[in-house]
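Asker: Quick one: structure below, then a few questions.
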């Protein structure tokens with residue numbers, strides 16, 4: 001049972017465009033929603049994270065939008081660059097889970113020059 | 001400042017063989033985790049530890065064992081490898097507090113079971 005569902009599986013965007021990756025969750029106890037970026041041959045690295053008491057968080061070109069009522073959150077990458085080409089994972093965690101993360105399936109993003 | 005170090009980086013096993021994956025962290029993190037990554041399935045938690053001498057099962061623990069004898073090390077063992085255990089294994093560590101998980105992943109171990 002996948003508690004965090006991520007889409008699309010793959011995404012191709014032109015340089016300068018907006019990349020949007022969506023995630024939906026089931027467990028209403030989730031209270032921490034990070035996004036990870038993974039380059040080939042490397043481990044995932046934290047990109048940006050949000051808690052459910054805010055609807056949006058922005059860090060540079062990366063923005064998380066959070067919709068608590070719909071149980072959905074999304075990552076927006078503005079002015080996408082070829083260097084952003086990577087696999088992106090959304091994840092979720094709860095206060096009582098001991099920092100265990102439940103991951104989405106991942107999205108392979110390709111930004112064409 | 002090595003962060004999280006995994007050894008080995010690559011390994012090929014025959015079905016039925018055993019092996020141990022080593023994870024070492026130098027950040028004094030309380031929590032450590034083993035995840036496996038498979039195409040189209042994201043990362044799934046195998047086992048985790050909330051402190052030295054403690055371990056607990058995650059989402060997919062069958063066929064694996066772990067030990068945390070020292071705070072900085074977390075070992076993942078495969079007693080009798082099966083082809084279904086072909087995967088990329090990631091170790092991670094984090095702080096205890098929720099204010100800053102400080103999750104750090106190692107660079108992974110690619111395991112092939114033939």
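Asker: Most exposed first by the Cβ proxy, i.e. fewest other Cβ within 10 Å, how do A:48, A:21 rank?
Answerer: Details: A:48 17, A:21 21.
In increasing order of surrounding Cβ atoms, one gets A:48, A:21.
Asker: Hey, another quick one. Output the direction-averaged projected area (hull surface divided by four) of the convex hull of the alpha-carbon atoms of the protein assembly as shown, in nm².
Answerer: Details: hull surface 49.1 nm².
Average of the hull's projected areas for the protein assembly as shown equals 12.3 nm².
Asker: In nm, to one decimal, how far is the residue B:27 label point from the residue B:112 one, both placed 7 Å along Cα→Cβ?
Answerer: Between residue B:27 and residue B:112, the label points sit 3.1 nm apart.
Asker: Sticking with this structure for a sec: Pairwise over distinct Cα atoms, reciprocal of the mean inverse distance: report the Kirkwood radius of chain B in Å, one decimal place. All intermediate terms of the calculation are to be shown ahead of the outcome.
Answerer: Working: mean 1/r = 0.0713 Å⁻¹.
That comes to 14.0 Å for chain B.
Asker: Would you please classify the overall shape of the range B:4-60 from the alpha carbon gyration tensor, given that a ≥ b ≥ c denote the square roots of the eigenvalues, rounded means a/c under 1.5, and beyond that prolate means a/b larger than b/c while oblate covers the rest? Provide the component values of the computation, followed by the final result.
Answerer: Working: a/c = 1.68, a/b = 1.35, b/c = 1.24.
Verdict is prolate for the range B:4-60.
Asker: A further question on this structure: Just how far, in whole angstrom, is the range B:60-89 from the range B:1-47 if you go by their alpha carbon centroids?
Answerer: Centre-to-centre (Cα) distance: 7 Å.
Asker: Still on this structure, please answer the following. Going 7 Å from the Cα of residue A:108 toward and past its Cβ, which residues in the range A:16-58 have a backbone nitrogen under 15 Å from where you end up?
Answerer: Residues passing the 15 Å test: A:38-42.
Asker: Using the 10 angstrom Cβ neighbour count as an exposure proxy, how do B:55, B:112 rank, fewest first? Show your work: numbers first, answer last.
Answerer: Details: B:55 18, B:112 13.
Ranking B:55, B:112 by Cβ neighbours within 10 Å, fewest first, gives B:112, B:55.
Asker: Need one number for the range A:7-61: average projected area of the convex hull over its C-alpha atoms, nm². Write down the numbers at each step before the final one.
Answerer: On the way: hull surface 20.9 nm².
Its average projected convex-hull area is 5.2 nm².
Asker: Would you list B:34, A:35 from fewest to most Cβ contacts within 10 Å? Don't skip to the answer; put the middle values down first.
Answerer: Numbers: B:34 28, A:35 23.
In order of increasing Cβ crowding within 10 Å: A:35, B:34.
Asker: Return the FRET efficiency for the residue pair residue B:15, residue B:41: r is the Cβ-Cβ distance, R0 is 22 Å, and the value is rounded to the nearest 0.05. Intermediate values should be presented prior to the final figure.
Answerer: Details: r = 22 Å, r/R0 = 0.98.
E(calc), rounded to 0.05, equals 0.50.
Just so you know, all these numbers are worked out from the coordinates, no wet-lab data involved. Everything quoted here is computed from the prediction, not taken from an experiment. Neighbour counts run over all protein chains shown; Cβ positions are idealised from the backbone, glycine included.
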